[in-house]
Amino acid sequence: RTELTRKETMSSGGAEDDIPQAERKTVTDFCYLLDKSKQLFNGLRDLPQYGQKQWQSYFGRTFDVYTKLWKFQQQHRQVLDNRYGLKRWQIGEIASKIGQLYYHYYLRTSETSYLNEAFSFYSAIRQRSYYSQVNKEDRPELVVKKLRYYARFIVVCLLLNKMDVVKDLVKELSDEIEDYTHRFNTEDQVEWNLVLQEVAAFIEADPVMVLNDDNTIVITSNRLSETGAPLLEQGMIVGQLALADALIIGNCNNQVKFSELTIDMFRMLQALEREPMNLASQMNKPGMQESTEKPARRENPHKYLLYKPTFSQLYTFLAASFKELPANSVLLIYLSATGVFPSGRSDSEGPYDFGGVLTNSNRDIINGDALHKRNQSYKEMHCLHPGDLYPFTRKPLFIIVDSSNSVAYKNFTNLFGQPLVCLLSPTAYPKALQDQSQRGSLFTLFLNNPLMAFLFVSGLSSMRRGLWEKCQDYLRKINRDIAQLLTHSRSIDQSFLQFFGDEFLRLLLTRFIFCSATMRMHKIFRETRNYPESYPQLPRDETVENPHLQKHILELASILDVRNVFLENTLDDY
């Protein structure tokens with residue numbers, strides 16, 4: 001055993017006797033920390049993806065070891081260079097793992113400040129060129145590590161809306177892929193080129209460009225800002241429920257995606273997050289609050305992002321969210337998925353007779369158009385029917401369905417008397433409207449960025465920043481008026497008001513009404529299936545067809561010089 005140890009600690013400097021004891025200990029300690037960190041990192045994969053508590057202590061231990069490892073290699077870099085042969089790409093690997101940890105912490109907590117931490121580690125790798133020497137080594141697996149680092153960095157930049165950085169990274173990644181495939185003649189060339197195509201399409205998904213005076217593109221953020229949701233005014237009687245958890249589910253086959261995020265999922269997750277902000281600077285603002293007041297609530301609702309989940313996966317996550325939902329809280333379910341229509345005529349009209357949405361395309365069963373074959377006697381296994389959600393209506397539930405069969409969810413029944421609302425997309429868009437479905441659904445765009453959606457249906461594809469900001473101000477005024485219409489309505493279902501106390505849900509509800517009113521006034525949206533619907537139904541004359549709101553929409557159209565796209569006196573046309 002002694003002989004073995006002696007051989008192991010031989011270094012380029014000669015026998016172990018030449019290595020001072022302290023330096024030998026430094027190498028041993030580094031090896032121990034490196035092994036421990038890898039072991040803990042690999043163990044993260046075995047943690048359950050659902051449930052908010054089990055993972056925290058494990059994540060904490062992993063963070064601790066990586067922090068120690070990072071500081072250790074900084075303090076002992078010279079010794080590790082000389083005695084261990086530490087390479088720059090190995091330092092890059094440690095930094096990359098810490099970036100991944102922060103990103104996964106964001107996924108688990110929905111706290112956007114962790115994205116900034118991930119960004120700073122990924123940026124450091126690029127600025128310090130940790131991976132630059134990889135290409136000189138004849139090891140394709142090392143180059144793949146570098147390519148994966150780029151792909152992960154791009155995801156974080158997309159989520160932080162750092163589009164300029166994304167464009168630079170895509171260019172660098174493209175060069176790296178070309179070099180990699182040229183040198184190693186590998187089989188995964190097609191996959192890496194697909195990654196490039198996906199991210200390029202993702203960047204181009206917005207249908208409208210906002211331009212500075214020098215024609216550079218303005219990056220707009222759609223997270224909730226302090227001025228985002230209309231404030232509750234005196235006399236508005238609303239519920240005290242808070243949005244605590246959300247499931248964001250995506251399965252649209254033809255839609256732009258990157259990593260495991262479709263563009264619809266990407267837009268909706270941002271609609272459920274606050275702008276990342278520096279809490280320290282907020283607390284120090286003069287006159288912000290009296291010392292006796294609690295600081296403003298800053299947490300984002302927790303989210304699960306589920307791309308093409310099977311029925312059993314979806315039900316497991318739903319059950320976990322339901323179980324952990326605190327008192328006086330709301331669970332939101334967002335479904336962006338292909339419609340499944342009922343097969344054949346049914347004598348009954350139960351919660352499983354109207355079809356639903358397909359959350360996972362099980363290729364063993366479905367071959368292309370099999371979805372629409374009406375003579376099938378079986379029901380599609382991965383179709384989520386309205387009835388599947390009934391057990392979860394024991395707690396407050398807010399559902400958004402963006403699908404060609406969203407109307408299946410109009411046939412809901414509130415069995416438990418808890419607050420329950422379903423916002424449902426149009427099931428078809430006018431033929432005259434340029435087909436944008438690949439670049440994301442118009443309905444979800446209205447919920448995420450209503451002004452961009454309004455510009456798109458008005459036929460505009462670019463706009464100057466000054467005009468954009470003027471319209472955003474006007475839209476905030478419209479939102480305030482919609483909030484008043486809702487809270488002053490005599491005949492509105494109480495569920496809407498019970499959800500209206502939460503900022504995120506308030507904003508989604510006002511945007512939904514703006515979307516519905518806009519489509520009902522638009523000249524080419526003339527069929528019932530072109531309009532969003534809701535369960536329970538909204539009183540039209542007091543909300544989506546309110547003359548006061550219609551007047552505002554025409555004024556917004558006038559600011560943009562697109563009034564001709566809308567019907568002037570819509571009330572006469574009904």
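On a per residue basis, the convex hull of the C-alpha atoms belonging to segment 21-207 measures out at 136 Å³. Values of log10 I(q)/I(0) for the chain across q = 0.05, 0.09, 0.12 Å⁻¹ run -0.26, -0.78, -1.28, by the Debye formula with one identical scatterer at each alpha carbon and no solvent. Computed with a 1.4 Å probe on the full set of protein chains, the accessible area for Lys470 sits at about 120 Å². How high is the relative contact order of segment 21-207? Use alpha-carbon pairs under 8 Å, at least six apart in sequence, and give a whole percent. Relative CO of segment 21-207 lands at 15 percent. For the chain, with all protein chains in place and a probe radius of 1.4 Å, 48% of the accessible heavy-atom surface sits on carbon or sulfur.
Place +1 on the Cβ of every Lys and Arg and -1 on the Cβ of every Asp and Glu in segment 21-207, take the dipole about the Cα centre, and give the residue among Val155, Leu173, Tyr130 whose Cα lies farthest towards its positive end. The residue sitting farthest along the positive end of the dipole is Tyr130. The helix-based estimate of mean residue ellipticity at 222 nm for the chain, built from -39,500 (n - 2.57) per DSSP H run of four or more residues and divided by its residue count, is -14000 deg cm²/dmol to the nearest 500.
Protein heavy-atom accessible surface, 1.4 Å probe, per residue over the chain: 48 Å².
The chymotrypsin sites (Phe, Trp or Tyr not before Pro) of segment 396-461 that DSSP puts in a loop, and whose beta carbon has at most 15 other beta carbons within 10 Å, are Phe416.
Scalar couplings 3J(HN,Hα) for segment 85-92, obtained by applying the Karplus form with A = 6.51, B = -1.76, C = 1.60 to θ = phi - 60°, are x, 5, 9, 5, 5, 6, 5, x Hz; x denotes Gly and Pro. The C-alpha radius of gyration of segment 389-498, expressed as a fraction of 2.2 N^0.38 Å, stands at 1.30. Bridgeable lysines around Lys523 (alpha carbons under 18 Å apart, same-chain partners fewer than 8 residues away excluded): Lys431, Lys551. Summarising the strand pairing of the chain, around 30 percent of its internal DSSP beta bridges are antiparallel.
The values are calculated or read from the model by the stated rules, or taken from the named source; none is laboratory data. Being a predicted model, the structure only gives us computed values, none of them experimental. FYI the Cβ positions are ideal-geometry reconstructions off the backbone, even for glycines, and counts take in every protein chain you see. Only protein heavy atoms, including side chains, enter the accessible area calculation; ligands, DNA and RNA are left aside. Shrake-Rupley method; radii C 1.70, N 1.55, O 1.52, S 1.80 Å.
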